[in-house]
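The values are calculated or read from the model by the stated rules, or taken from the named source; none is laboratory data. This one's a predicted model, so the numbers in the text were calculated from it and none came from an experiment. Cβ placement follows ideal geometry from the backbone for every residue including glycine, while neighbour counts extend to all protein chains displayed. What goes into the accessible areas is simple: the full protein's heavy atoms, side chains included, and nothing from ligands, DNA or RNA. Shrake-Rupley method; radii C 1.70, N 1.55, O 1.52, S 1.80 Å.
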Amino acid sequence: MRPLAQIAAAIEWINANQGVVSIAIFVITLLLGWVSGIFGALRRKPRFRTRLIEGPTFCCTYLTGAKHGQFDVHRSAFALYLHVSNVGSASSSIDAVQVGYHWGLSPFSFEWLRYRLGWFWLTNQAVVIEDFQVKIGENLKFYPFLFQRSTLSGVSSETFLEVGQSTNGVVYFEQDDSWGGCFPSAEAGMVRVKVRLIDTFGGRHTKTFYIPAVSPEEARKYNPSFGLTLAHLRGDVAKPSIDGAGA
């Protein structure tokens, strides 16, 4: 009978203190709503899904005509034609795009452990001198840039994505002067790359792809100035950089 007596005493207390109970319920309801709102806000975040589009998506390693000791100096450039969609629960902008790859180094060195097993990252995009393009019959198709403004139309793709929205555009990278095995490692003509998008909140959205490694001549079919950004910036355009053989 003791449990029944305790229940009866509790009911009697509640009846005698209905005002206190009502206030307590009200406060608890507010706290639960506040906590659930916080957790709801934390759950709302952007999630960028990335895929590659057929077109100017490839990498190329080419000689500059310079020497570093006994080694020929080379550079590597990447073009990625990206399609990005926001499949998350909050809107955000694409703040940056980075690309990582493995170096073609001999095994069992410190650099091999760091950049052959690990990733070497290009974090700053290069300015493209000309628009990427392809000839279709007698016409030219121009590809949009993701960040840079077109040299022809003066526009770029939209990088602020509401939930459910998508965008596409080309991003371009040039690696600085390198030598030896400091170039993308290719197997069967394909290079494994990791594409990392960073949103406005600092979130990282990463996906791995395989892209073709092409010759300088093939790369220039999509852009006559492919691989020449650093050469122009440094005033060494007279060197046979992009016309040399791939490294």
Not counting ligands, DNA or RNA, and with a 1.4 Å probe, what is F142's accessible surface area in Å² rounded to the nearest 10? 80
For I136, I198, write out the residues from largest to smallest accessible area, computed with a 1.4 angstrom probe and no ligands counted. I136, I198
So which trypsin sites (Lys or Arg not before Pro) in the range 39-93 end up in coil per DSSP with only 13 or fewer other C-beta atoms within 10 Å? R44
Just subtract the alpha-carbon distance of F142 and R51 from 0.36 nm times their residue separation and send over the number in nm, one decimal. 30.8 nm
To the nearest 0.05, the calculated FRET efficiency linking L152 and Q70 through their beta-carbon distance, R0 being 35 Å, is 0.20
Taking a straight Cα-to-Cα line shorter than 18 Å from K135, and setting aside same-chain lysines fewer than 8 residues away, one finds K221
On average over all directions, what projected area in square nanometres does the range 48-234 have, based on the convex hull of its Cα atoms? 12.1
Using a 1.4 Å probe on the protein heavy atoms only, what accessible surface does Y81 show? Give it in Å² to the nearest 10. 20
